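K.L.:
Here it is: the structure, laid out below.
The values are calculated or read from the model by the stated rules, or taken from the named source; none is laboratory data. Note that the structure is a prediction, hence the values are computed from the model and not measured. Here Cβ is always computed from backbone atoms with ideal geometry, including for glycine, and neighbour counts include all displayed protein chains. Side chains are part of the model used for accessible areas, which takes the heavy atoms of the whole protein and leaves out ligands, DNA and RNA. Shrake-Rupley method; radii C 1.70, N 1.55, O 1.52, S 1.80 Å.
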Amino acid sequence: MTAHYQLDDDGVVVIIGSGAGGGTLANELAQKGIDVVLLEAGPHLTADDFVNDEWGGYEMLSWLDKRTSSGNWRVAKDHPTAPSWSCKVVGGTTVHWSACCYRLIEDEMRARTVYGDVPGASLIDWPITLADLEPYYDKAEAKMGVTRTHGLPALPPNNNFKVMYAGAKALGYDSVSTGRHAINSVPYDGRPATIEDGFTITGDKVGSRWSTLNVEIPRGLATGKLELRAECCAVQIEHDAAGKASAVVYVDAGGMTRRQKARAVVLAGNCVESSRLLLYSTSALFPNGLANGWGHVGRHYLRHIIQTVWSIFDKPVNMHRGEIMIGMLDEFAHHDPSRGFAGGYYVELNSMGLPTTAAFLDPGWWGRDFASVMEQYANMAGIFMSGEDMPQPDNRITLTDDVDTYGVPVANIHYDEHDNDLKMRSHGYKTLSGIHKAAGAKRSIEAPAYPASHNLGSNRMSARAEDGVLDGHGRAHEVANLFVCDGSQFATGGACNPTLTIVALAIRQADFIAKEMAGGAL
Amino acid sequence: MAIAHKDPKLPPPEPIPEGPEWIEELGPFASVGETLAVLARTLCPHDSLPERCYRRVVRAQDRIAAETQALGVTVRDFCALLDSRMPLPFAELSESYRVNILKTLENEPAFIFLQRSTVRFLYDDVEVWEAFGYEGASVHLGGYIHRGFDDLDWLPNPPSGD
Ligand SMILES: Cc1cc2nc3c(=O)[nH]c(=O)nc-3n(C[C@H](O)[C@H](O)[C@H](O)COP(=O)(O)OP(=O)(O)OC[C@H]3O[C@@H](n4cnc5c(N)ncnc54)[C@H](O)[C@@H]3O)c2cc1C
């Protein structure tokens, strides 16, 4: 039953990366009877391998290959060689994520029109509308088992949420709820309900959370159409004389360099890696990198306005117990120029164990004050935001002179904060601290952003070829059989956590690829 | 004080000698073990924590240095610098003098390594988890669903389903 394709089989769709985008697309295509080779740089782990341990899990799952960073973002100082945060395992970062699932709203998909001309920002409108995406959001929510959709019950409030709820209600933020998550509150789709263990982010041993590791990939493999090649790292994409993608060069688990021929190639390596591969795939026809004729590959990189406030209360909270991010209010989600900045943000929950709270509270902070805050860990609550950052052409992924173990140049991520970003950060910190204060906080600490967990925009889709890299189906403007299926295709970032949209776009892209193939165009 | 659990799949914490012989088990940092333990306590001063918690930090730092030779040299040079600032060695200074010295050295690569790694290892220690109320691994105990994930009782309960 297991599929096995020859290296010179040029009838296969080759997908690079098995996370939210690539893993979903692989299954969707295989379900339609399309032959797929899925290359994944990381190992194929199982629930048994995972540990309930913050650093143990981090070291087991994370993408630790070197990167560098520059720009005035705090991340470049705090995490100079690990500026973005993702995983290198079968299932990608869906093995780690905390599964908040929110939809983009209509205004966000027309950001240039609605926000107007924001100086210094390279805003565009999406080439597709919310109406184009809605049927796919429905499908994504159903496949992921998102709470409060399709009749699935909400996740129950935990201790950290009780704090958020009390503060939000006191301030009249009546939208506050436990939010929507791809984590089972009741058994669903063969997966159990959560046991509130608090360790979804180290792999989720219980399996109550959707991931491509536990849902999409096994189902794709069962069709006999999908071949998964773990520990196979793509290093370059080749094209034929006509300028169509023809093969992917990769290094396998044994260190051998292989060349898999392809009918179509899809990049789904989590933004930074997808741009890095395109930039490195140069040729006489594409001297600046594949699909980079307009120079947008790597540019307009986004990472959301993400930050946490940690507050100390008189009495115990025990925030580490239970699911991590189950709280949301959307009073600030809509664009409202009276706030003095463009775009919106969602208020959500965050909790961490003692080890990572200490590491992320304020990297570099030491002494009596720091220690006294840590001693009150049991009485600490966390509250978080995800908001829209402004695209800027010079916030970008570039190749450095340093090379990795495969000989591929190490990526640098450059990010300068836009004034709009800083205004939103300040507004957001006030909102987050205000909610905790209204619930009785003695002290709040504004923690800086941790390494970028929402990596977006660096191969963006655009209506006009000169404004981006991809069309509205995630297909390269310049290479008809080359696609991108990760967050780098976002035209703008929107405010909410991106993964539901990545999955919806993958399902939509699968329909498009199948249609093009059936019509003989691909 | 909480009861904390390390994931049973991971190796249990290794004991560390209570006497001065803990230093003898060190590699590249054998000559500066005492200084580094005092440094760790100065960076993260918890009066309630016993000396062994800080010694375990130094042991973990020593193991990193054993794999990167240059780091050992940088850190030993840094310790010599700490000792040269006052008429007494760093480890014998009172806290305010130690703090003042460190404040002038925050941008040194050795300081950055030592500060980050102290935070990395001190708060990843089961004894420290118990002291500050972090309970650790939970799946092997059935999660927290019947062990207090929603036991906060000093605020009103949200309506269920919210
Ligand atoms: C701490 C944290 C919490 C998060 N929580 C949420 C949340 O609550 N809600 C939400 O919406 N999002 C969340 N996210 C973000 C979410 O994980 C990502 O949006 C999502 O996983 C991105 O999907 P992707 O397919 O682009 O990349 P990934 O899921 O990261 O998958 C990419 C895969 O490609 C592989 N790869 C890369 N390069 C190559 C190569 N050259 N060859 C072969 N394979 C390669 C990688 O190894 C990886 O497995 C969180 C992220 C983090 C870090």
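K.L.:
Can you work out the FRET efficiency for the pair A:Asp404 and A:Glu466, with r the C-beta to C-beta distance and R0 = 35 Å, to the nearest 0.05? It would help to have the intermediate numbers written out before the result.
P.N.:
On the way: r = 32 Å, r/R0 = 0.91.
Once rounded, the FRET efficiency stands at 0.65.
K.L.:
What's the local net charge at B:Arg147, with K and R +1, D and E -1, over the other residues with C-beta under 13 Å away?
P.N.:
Values: positive: A:Arg321; negative: A:Glu196, A:Asp197, B:Glu135, B:Asp150, B:Asp151.
With Lys, Arg at +1 and Asp, Glu at -1, the net is -4.
K.L.:
Output the pairs from A:Lys139/A:Lys261; A:Lys88/A:Lys244; A:Lys139/A:Lys244; A:Lys88/A:Lys143 with a Cα-Cα distance over 26 Å in this structure; if there are none, say none.
P.N.:
Numbers: A:Lys139/A:Lys261 31 Å; A:Lys88/A:Lys244 28 Å; A:Lys139/A:Lys244 31 Å; A:Lys88/A:Lys143 23 Å.
From A:Lys139/A:Lys261; A:Lys88/A:Lys244; A:Lys139/A:Lys244; A:Lys88/A:Lys143, over 26 Å: A:Lys139/A:Lys261; A:Lys88/A:Lys244; A:Lys139/A:Lys244.
K.L.:
Then there is this: So what is the 222 nm mean residue ellipticity for the protein assembly as shown from helices alone, if each DSSP H run of at least 4 adds -39500 (n - 2.57) and you divide by all residues, rounding to the nearest 500 deg cm²/dmol?
P.N.:
Working: 18 runs with 201 residues, N = 684.
Per the formula, -9000 deg cm²/dmol.
K.L.:
Relative contact order (percent) for the range A:13-518, with alpha-carbon contacts under 8 angstrom and 6 or more residues of separation? Before the final figure, lay out each step's value.
P.N.:
Details: 1274 pairs, mean separation 124.1, N = 506.
With pairs under 8 Å counted, the relative contact order is 25 percent.
K.L.:
Then there is this: Distance between Cα centroids, the range B:107-157 to the range A:138-180: provide it in whole Å.
P.N.:
Their Cα centres are 25 Å away from one another.
K.L.:
Here's a follow-up. Can you sort A:Asp78, A:Asp48 by solvent-accessible area, 1.4 Å probe, largest first? Let's see the in-between values first.
P.N.:
Values: A:Asp78 5, A:Asp48 110 Å².
If we order A:Asp78, A:Asp48 from most to least accessible, we get A:Asp48, A:Asp78.
K.L.:
Same structure, new question: Roughly what angle does helix A:20-31 make with the longest principal axis of chain A, taking Cα atoms, 0 to 90 degrees, to the nearest 10?
P.N.:
Around 50 degrees separate the two axes.
K.L.:
Which lysines have a Cα less than 19 Å from the Cα of B:Lys6, not counting those fewer than 8 places away in the same chain?
P.N.:
A:Lys205
K.L.:
Right, next: Compare the Cα positions of A:Ile445, A:Tyr415, A:Met390 along the charge dipole of the range A:388-522 (+1 at Cβ of Lys, Arg; -1 at Cβ of Asp, Glu; about the Cα centre) and return the one farthest towards the positive end.
P.N.:
Of A:Ile445, A:Tyr415, A:Met390, it is A:Ile445.
K.L.:
Per residue, what accessible area does the range A:1-67 have, given a 1.4 Å probe and all protein chains present, in Å²?
P.N.:
Working: 2430 Å² over 67 residues.
On a per-residue basis, the range A:1-67 sits at 36 Å².
K.L.:
Where does each of A:Asp401, B:Asp150 land when they are ordered by accessible area, with a 1.4 Å probe and the largest first?
P.N.:
Working: A:Asp401 160, B:Asp150 70 Å².
Largest accessible area first, the residues go A:Asp401, B:Asp150.
K.L.:
So what is the accessible area of the range B:20-141 per residue, in Å², with the probe set to 1.4 Å? All intermediate terms of the calculation are to be shown ahead of the outcome.
P.N.:
Numbers: 5300 Å² over 122 residues.
Accessible area per residue, the range B:20-141: 43 Å².
K.L.:
Please get the size of the charge dipole for chain A, origin at its Cα centre, with Cβ charges of +1 on Lys and Arg and -1 on Asp and Glu, quoted in debye to the nearest 20.
P.N.:
Details: 45 positive and 61 negative charges, 130 e Å.
Dipole about the Cα centre, nearest 20: 620 debye.
K.L.:
From other protein chains only, count the Cβ atoms within 10 Å of every residue's Cβ in B:110-121, then give the mean.
P.N.:
Working: counts 0, 2, 2, 0, 1, 4, 5, 0, 2, 11, 5, 2.
Average neighbour count from other chains, rounded to a whole number: 3.
K.L.:
Let me ask something else about it. May I ask for the net charge around A:Arg263, where only other residues with Cβ less than 12 Å from the Cβ of A:Arg263 are counted and Lys, Arg are +1 while Asp, Glu are -1?
P.N.:
Values: positive: A:Lys244, A:Lys261; negative: A:Asp9, A:Asp10, A:Asp35, A:Asp240, A:Glu516.
Summing Lys and Arg as +1 and Asp and Glu as -1 gives -3.
K.L.:
Tell me the angle of helix B:33-43 to the major Cα principal axis of chain B, expressed in degrees between 0 and 90 and rounded to the nearest ten.
P.N.:
Between the helix axis and the principal axis of chain B, the angle is about 50 degrees.
K.L.:
Determine ³J(HN,Hα), in whole Hz, for all residues of the range B:79-86 in sequence, where each value follows from phi through the Karplus function 6.51 cos²θ - 1.76 cosθ + 1.60 and θ = phi - 60°; x replaces Gly and Pro.
P.N.:
Per-residue couplings from phi come out as 5, 4, 4, 4, 6, 8, 6, 9 Hz.
K.L.:
On a straight-distance basis, which aspartates and glutamates could pair with A:Lys430 in a cross-link, Cα separation under 16 angstrom, same-chain partners fewer than 8 positions away excluded?
P.N.:
A:Asp330, A:Glu331, A:Glu348, A:Asp421, A:Glu446
K.L.:
For chain A, give the share of DSSP beta bridges that are antiparallel, in percent and rounded to the nearest 5; count only bridges with both residues there.
P.N.:
Working: 44 of 64 bridges.
Here the share of antiparallel DSSP bridges comes out near 70 percent.
K.L.:
May I ask you to evaluate 6.51 cos²θ - 1.76 cosθ + 1.60, the Karplus curve with θ = phi - 60°, for each residue of the range A:289-298 and list the ³J(HN,Hα) values in order in whole Hz, giving x for glycine and proline?
P.N.:
Listing the rounded values in order: x, 4, 6, 10, x, 9, x, 8, 4, x Hz.
K.L.:
Same structure again: Excluding residues on the same chain fewer than 8 positions from A:Lys423, give the aspartates and glutamates whose Cα lies under 12 Å from its Cα.
P.N.:
Correct list for A:Lys423: A:Glu388, A:Asp389.
K.L.:
Rounded if a/c is under 1.5, else prolate if a/b is larger than b/c, else oblate: which is chain B, with a ≥ b ≥ c the root eigenvalues of its Cα gyration tensor? Could the numbers behind the result be given before it?
P.N.:
Working: a/c = 2.56, a/b = 1.90, b/c = 1.34.
Prolate, because a/c is 1.5 or more and a/b exceeds b/c.
K.L.:
What is the mean number of Cβ atoms from other protein chains located within 10 Å of the Cβ atom of each residue in peptide A:161-169, rounded to a whole number? Intermediate results must be reported in sequence, preceding the final value.
P.N.:
On the way: counts 5, 9, 3, 1, 6, 6, 1, 1, 4.
Mean shielding count: 4.
K.L.:
Would you mind computing the Rg to Rh ratio of the protein assembly as shown from its alpha-carbon coordinates, Kirkwood style for Rh?
P.N.:
On the way: Rg = 25.2 Å, Rh = 26.0 Å.
That ratio is 0.97, to two decimals.
K.L.:
Pairing the Cα long axis of helix A:499-518 with the longest principal axis of chain A, what angle in degrees results, from 0 to 90 and rounded to the nearest 10?
P.N.:
Orientation of helix A:499-518: about 20 degrees from the principal axis.
K.L.:
With θ taken as phi - 60° and the coefficients 6.51, -1.76 and 1.60, list the Karplus ³J(HN,Hα) couplings across the range A:132-141 in order, rounded to whole Hz; mark glycine and proline as x.
P.N.:
For the range A:132-141, the Karplus curve yields 4, 8, 3, x, 7, 4, 4, 5, 5, 4 Hz.
K.L.:
Hey, can you grab everything whose amide H is under 5 Å from the amide H of A:Gln307? Only 5+ residues off in sequence or another chain; H modelled, so Pro and N-termini drop out.
P.N.:
Under 5 Å from the amide H of A:Gln307: A:Met385.
K.L.:
Quick check for me: using +1 on Lys/Arg Cβ and -1 on Asp/Glu Cβ, what's the dipole size of chain B about its Cα centre, in debye to the nearest 20?
P.N.:
Numbers: 15 positive and 26 negative charges, 85 e Å.
So the dipole magnitude of chain B works out to roughly 400 debye.
K.L.:
So how far, in whole Å, is the C-alpha centre of the range A:296-340 from the one of the range A:469-522?
P.N.:
27
K.L.:
So, one more: Indicate the gyration tensor shape class of the range A:29-97 (rounded, prolate or oblate), computed on the Cα atoms with a ≥ b ≥ c the square roots of the eigenvalues: a/c under 1.5 is rounded; otherwise a/b larger than b/c is prolate and the rest oblate. The partial results should precede the final answer.
P.N.:
Numbers: a/c = 3.06, a/b = 1.57, b/c = 1.95.
It comes out oblate by the Cα gyration axes.
K.L.:
Quick check: net charge around A:Val272, other residues with Cβ under 11 Å of its Cβ, Lys/Arg +1 and Asp/Glu -1? Spell out each step's value before the answer.
P.N.:
Working: positive: A:Arg67, A:Arg276, A:Arg303, A:Arg396; negative: A:Asp65, A:Glu273, A:Asp486.
Taking every other residue near A:Val272 into account, the sum is +1.
K.L.:
Can you find, among A:Tyr250, A:Pro157, A:Val13, the residue sitting farthest towards the positive end of the charge dipole of chain A, where Lys and Arg contribute +1 and Asp and Glu -1 at Cβ?
P.N.:
Towards the positive end, the residue furthest out is A:Pro157.
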